[in-house]
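In what follows, a structure is listed as structure tokens, so that the remarks can point back to it.
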Amino acid sequence: MSDGLENRLRDAFAPSGPSDELVAAARGRAVDAASAGARATRRRGRRRTFAVLAVAGALVGGGAAAAAVVFDRAEPTVPATAGTRAAIAESGILASAPWLFQAEGGQAIGAVPRLPSLRFPPRTTYREALDALVRSVITDGTLPDGARVARPLPPGVVWKRSRGAPRLDLTAPAGYTRPGGIIQTPSFTIPGWVSSADAVRIGKALRDGTPLGEDEALLVTVTTPRLAACQMLPRRAPCRLAPPPPAPRS
């Protein structure tokens with residue numbers, strides 16, 4: 001991590017200060033998840049492993065299949081300070097991004113308007129593009145420097161591979177489930193050696209979209225989902241998705 005990014009993270013995150021009751025409630029879930037993870041680690045041997053927090057509104061320990069979790073929230077799906085939230089609100093793209101705000105639960109990719117894409121410099125990978133987007137939103141509430149807004153990608157496309165100008169979809173940059181088409185929210189990874197108490201604090205901040213303490217912020221990395229071939233260009237055919245649910249009657 002560059003010194004500049006580290007300084008931006010330290011400036012952007014402030015202690016979240018969860019109550020004892022909330023920490024205690026989350027602790028039980030974290031301990032259960034940690035126990036399950038420890039058993040899996042023993043089965044895999046002595047390799048250094050990382051505990052994945054799939055953050056889609058709840059602290060869970062079952063891996064990164066976070067899109068199956070539907071939740072009700074009006075807060076952003078990433079940690080954000082008051083200043084960051086104000087910047088997000090001023091951004092026409094981010095303020096309406098279905099991956100960043102899910103006030104009525106996860107939405108189907110076929111039921112939301114297509115947003116523009118982001119064009120990145122040559123040779124940028126999907127992992128680098130997603131990381132740059134999420135970290136820029138967390139630190140500044142803005143789109144990342146060095147990326148340019150471009151026309152939308154075809155429906156269902158998350159990433160366009162290109163040596164010259166790779167592009168990331170702003171509708172569902174972290175992908176979506178198949179065949180349900182539910183838009184994924186970002187997931188984060190912390191090192192497996194982090195104590196259960198610290199994991200609870202970090203998990204609560206990620207779950208609630210509230211600021212992380214500066215030390216915790218430096219531990220968190222953005223998890224890169226595994227995209228299906230049909231979610232990337234070039235592709236042979238679009239993903240086969242279930243029809244989106246009908247709009248509720250007024």
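Derivation of every value follows stated rules applied to the coordinates shown; laboratory data play no part. As the structure is a prediction and not an experimental result, all values here were calculated from the model. No Cβ is skipped: glycine too gets one built from the backbone with ideal geometry, and neighbour counts run over all protein chains shown.
Worth pointing out:
- Couplings 3J(HN,Hα) for the stretch 130-141, derived from phi with the Karplus relation 6.51 cos²θ - 1.76 cosθ + 1.60 (θ = phi - 60°), are 5, 4, 5, 5, 5, 5, 5, 5, 5, 7, 10, x Hz, where x marks Gly and Pro.
- With each label modelled as a point 7 angstrom along the Cα→C-beta vector, the S96-R148 pair spans 2.3 nm.
- Across the stretch 143-153, computed HN-Hα scalar couplings (Karplus, 6.51 cos²θ - 1.76 cosθ + 1.60, θ = phi - 60°) run 6, x, 5, x, 10, 10, 5, 10, 4, x, 7 Hz from first to last residue, x flagging Gly and Pro.
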